[in-house]
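Trainee: Okay, here's the structure, questions in a sec.
The values are calculated or read from the model by the stated rules, or taken from the named source; none is laboratory data. Note that the structure is a prediction, hence the values are computed from the model and not measured. Cβ coordinates were reconstructed from backbone atoms using ideal geometry, including for glycine residues, and neighbour counts include every protein chain displayed. Each accessible area value is taken on the protein alone, full model and side chains, heavy atoms only, with ligands, DNA and RNA left out. Shrake-Rupley method; radii C 1.70, N 1.55, O 1.52, S 1.80 Å.
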Amino acid sequence: MIDLRSDTVTKPSKEMLEEMIIAPVGDDVFGEDPTVNKLQDFSANIFGKEAALFCSSGTQTNQIAINLHAQPGAEVITHFESHVFKYEGGGIARNSGASTRTVGGSRGRITASEIEPWINPSNDVHYPLTQLVSIEDTSNRGGGAIYDFNEIKKIRAYCNSKGLPLHLDGARVFNALEENKVDIKEYAKQFDSISVCLSKGLGAPIGSLLIADADFIARARRVRKVFGGGMRQAGFIAAAGLYALKNNIVRLKDDHRRAKIIESELLKTAWVESVMPVESNIVVCILKDISRVQEFVSAFEQKGVLIMPFGKGMLRMVTHLDFSEDDTSRLCMTIRDLK
Ligand SMILES: *Cc1c(COP(=O)(O)O)cnc(C)c1O
């Protein structure tokens, strides 16, 4: 089976598993797991930030960050298709008692000028206090779209002028950085907190990192415990994360190249209306006949390819490190065969 439903479906390689088995461990709730500590230091360094916290999922890192930035009754500004709003079970309201002001924009991205009208005046008691802006790079619902770094800087400058923190849902931030070629520390400087998934394109089985300054991470440790996310000998899984950061970033460009090949194959068919221009490892196509989503998902499955229905008339395929060059050729043949 070729599985392109998500880049989360990868299994740890033999080399990764070997690193996991030999990892020195300790009780991480006591802060005593040397491998977790190493992963946290290593990742904070990559981004040029003071500290990091290893968590079980990207939902957890996002929700912890939101909990620290926004108080009950406050408002969080984010894109209407963002993961933090759409795919975290209403966690902003449920975990933090905050509300969400969703704004729209092209392909999951927001601009500084789209945020501007929605910052509430803090001296008028009618309005919820705007306390956070959260953006997603790359954007999942945007078909892997990448932010223009200049726009991020504009958002940062605007947030500064209003005293607002900026959070990055960087589940696939390394996919973005592979393409935009922005200096990673310069990029990270724009954000007060950054969530990064190790279990997506980087190929680790479990885990995400929350990266910020030392004071924020100290407070995040407390929230993680309250959310039930304190882990004990987590070094075994942190070792996989370390391996992923050291070995699996440079190869992301292969995923992107293969996604481009899929895009051009899809554009040649009679049944695809359009493809969101591929910018990273996500391919989203829109069918000519929007009622045929389930039919195509099943047709692909019969030919040994798993793909994801992605809303009205849309199919999603995500490339990853268990999807090879041979798989790419096989998939292209399958796409050509379908009518
Ligand atoms: C996958 C993902 C997350 C985190 O998901 P988990 O399954 O909780 O790790 C967050 N944001 C985006 C954009 C994602 O794609």
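Trainee: Residue check: is residue 117 touching a His at 6+ places or on another chain (Cβ under 7 Å) and either outside the structural domain of residue 216 (by TED's automatic domain parsing) or farther than 12 Å from residue 82 by Cα (or both)? Don't jump to the end; show me each part of the working.
Mentor: Details: touching a His at 6+ places or on another chain (Cβ under 7 Å): no; either outside the structural domain of residue 216 (by TED's automatic domain parsing) or farther than 12 Å from residue 82 by Cα (or both): yes.
No, not satisfied.
Trainee: How many residues are surrounded by 14 or more Cβ atoms within 10 Å (Cβ to Cβ), at pLDDT 95 or above and within 27 Å of residue 154 (Cα to Cα) when one looks only at region 89-115?
Mentor: 15
Trainee: Taking region 165-188, which residues are under 21 Å from residue 113 (Cα atoms) and either of a type in the set (Phe, Trp, Tyr) or in contact (Cβ under 8 Å) with a residue 60 or more places away in the chain (or both)? Working first, answer last.
Mentor: From region 165-188, those under 21 Å from residue 113 (Cα atoms) are 165-169, 187; that's our starting set.
Result: 165, 167, 169, 187.
Trainee: Evaluate the following for residue 122: is it more than 16 Å from the ligand (Cβ to nearest atom) and of a type in the set (Gly, Ala, Ser)? Give the derivation first.
Mentor: Details: more than 16 Å from the ligand (Cβ to nearest atom): yes; of a type in the set (Gly, Ala, Ser): yes.
For residue 122, the condition - more than 16 Å from the ligand (Cβ to nearest atom) and of a type in the set (Gly, Ala, Ser) - is met.
Trainee: Looking for whichever is farther than 23 Å from residue 72 by Cβ, open to solvent by 10 Å² or more (accessible area, probe 1.4 Å) and within 16 Å of the ligand (Cβ to nearest atom) here; the options are 199, 208, 139. Which one fits?
Mentor: Details: 208 fails: open to solvent by 10 Å² or more (accessible area, probe 1.4 Å); 139 fails: open to solvent by 10 Å² or more (accessible area, probe 1.4 Å).
Step by step, each of 199, 208, 139 is checked, and only 199 is farther than 23 Å from residue 72 by Cβ, open to solvent by 10 Å² or more (accessible area, probe 1.4 Å) and within 16 Å of the ligand (Cβ to nearest atom).
Trainee: Give me the strands (runs of 3 or more DSSP E) completely within region 158-250, filtered to those with at least 1 residues that are of a type outside the set (A, V, I, L, M) and within 25 Å of residue 34 (Cβ to Cβ), ordered by residue number.
Mentor: Output list reads 193-197, 208-212.
Trainee: Looking only at residues in region 173-196 that are open to solvent by less than 10 Å² (accessible area, probe 1.4 Å), within 14 Å of the ligand (Cβ to nearest atom) and touching a strand residue (DSSP E or B) at 6+ places or on another chain (Cβ under 8 Å), which one is farthest from residue 62 (Cα to Cα)?
Mentor: Residues of region 173-196 that are open to solvent by less than 10 Å² (accessible area, probe 1.4 Å), as a first pass: 173, 175-176, 187-188, 191, 193-196.
Filter once more, keeping what is within 14 Å of the ligand (Cβ to nearest atom): 173, 175-176, 193-196.
Going one step further and asking which of them are touching a strand residue (DSSP E or B) at 6+ places or on another chain (Cβ under 8 Å), we end up with 173, 176, 193-196.
Working: 173: 14, 176: 18, 193: 9, 194: 8, 195: 6, 196: 9 Å.
Within region 173-196, the match that is farthest from residue 62 (Cα to Cα) is 176.
Residue by residue, here is whether (1) touching a Pro at 6+ places or on another chain (Cβ under 9 Å); (2) in a loop (DSSP other than H, G, I, E, B); (3) under 17 Å from residue 237 (Cβ atoms); (4) not assigned by TED's automatic domain parsing to the domain that holds residue 284 holds:
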{"position": "18", "(1), (2), (3), (4)": "no, no, yes, yes"}
{"position": "29", "(1), (2), (3), (4)": "no, no, yes, yes"}
{"position": "41", "(1), (2), (3), (4)": "no, no, yes, yes"}
{"position": "49", "(1), (2), (3), (4)": "no, yes, no, yes"}
{"position": "59", "(1), (2), (3), (4)": "no, no, yes, yes"}
{"position": "63", "(1), (2), (3), (4)": "no, no, no, yes"}
{"position": "66", "(1), (2), (3), (4)": "no, no, no, yes"}
{"position": "72", "(1), (2), (3), (4)": "no, yes, no, yes"}
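Trainee: Does residue 284 count as under 18 Å from the mean Cα position of the chain (by Cα) and of a type outside the set (Lys, Arg)? Reasoning before the result, please.
Mentor: On the way: under 18 Å from the mean Cα position of the chain (by Cα): yes; of a type outside the set (Lys, Arg): yes.
Yes, satisfied.
Trainee: Consider residue 76 against the criteria (1) open to solvent by less than 40 Å² (accessible area, probe 1.4 Å); (2) closer than 17 Å to residue 223 by Cα; (3) outside any helix (DSSP H, G or I); (4) not polar (S, T, N, Q): it satisfies all of them except one. Which criterion is unmet?
Mentor: (2)
Trainee: Still on this structure, I have one more. From 56, 43, grab the single residue that is of a type in the set (Gly, Ala, Ser), out of contact with any helix residue (DSSP H, G or I) (no Cβ under 8 Å at 6 or more places or on another chain) and either modelled with pLDDT of 95 or more or away from the ligand (no atom under 16 Å from the Cβ) (or both).
Mentor: Values: 43 fails: out of contact with any helix residue (DSSP H, G or I) (no Cβ under 8 Å at 6 or more places or on another chain).
Criteria check complete, one pass: 56.
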